[in-house]
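Contents: one structure, followed by commentary.
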Amino acid sequence: MGAPKRNRNAGKWTAKTVGPYLTKLKRAAGRKENLFVGQQLVKMGLYRDVWSYWKEIFAGNEVMKERMNCIEDMYEVNLFRAAIDGRISCLPAILGLRNAHGWKNEAMAERGMVKRMYEEEVMENESVFETCIGGARP
């Protein structure tokens, strides 16, 4: 698949140049505190959307595609494990399911459970929010 005509950096993303980044991402995924691929890309000095671009350009490369799928799965496990263990709210895990897999639970949404879960989470985290912004909520 060709790169967009105006993307001056497109030529640098080859299996050879991306491979070392995938190795670093996989190694980072081995640490349970690392929950998001995008977060690690930013730590490596890249932009989060490069992951989507790599998925697009390597869609026909089974080896690269398999490596990337494995890495995504590892981060997903970290995210859901953190929610199960209570290290983070269950909301990021739910949003992760919805985003990654198109998961929906209409019955839950119809009963307003997601909204109630969100409201409860906001109330629980109010003091954390205030600490982060250094004052009361606007």
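Any read-out appearing in this document is the output of simple, stated calculations on the displayed coordinates, not a laboratory observation. Predicted model only: the values in this text are computed from it and were never measured. Cβ: placed from backbone, ideal geometry, glycine included. Neighbour counts: every protein chain shown.
Once the other residues with Cβ under 15 Å from the Cβ of Phe80 are scored (Lys, Arg +1; Asp, Glu -1), what is the net sum?
That sum, taken over residues with Cβ under 15 Å, equals -1.
For Leu97 paired with Cys70, estimate the spin-label separation in nm (one decimal), with each label point 7 Å from Cα along the Cα-to-Cβ line.
2.7
How would the stretch 10-88 be classified by its alpha-carbon gyration tensor: rounded, prolate or oblate, with rounded meaning a/c under 1.5 and the a/b versus b/c comparison settling the rest?
Verdict is prolate for the stretch 10-88.
Residue separation times 0.36 nm, minus the C-alpha to C-alpha distance between Ile88 and Thr14: what's the value?
Additional length available on full extension: 23.1 nm.
Neighbouring Cβ atoms within 10 Å as the yardstick, rank Met44, Met64 fewest first.
Exposure proxy ranking, most exposed first: Met44, Met64.
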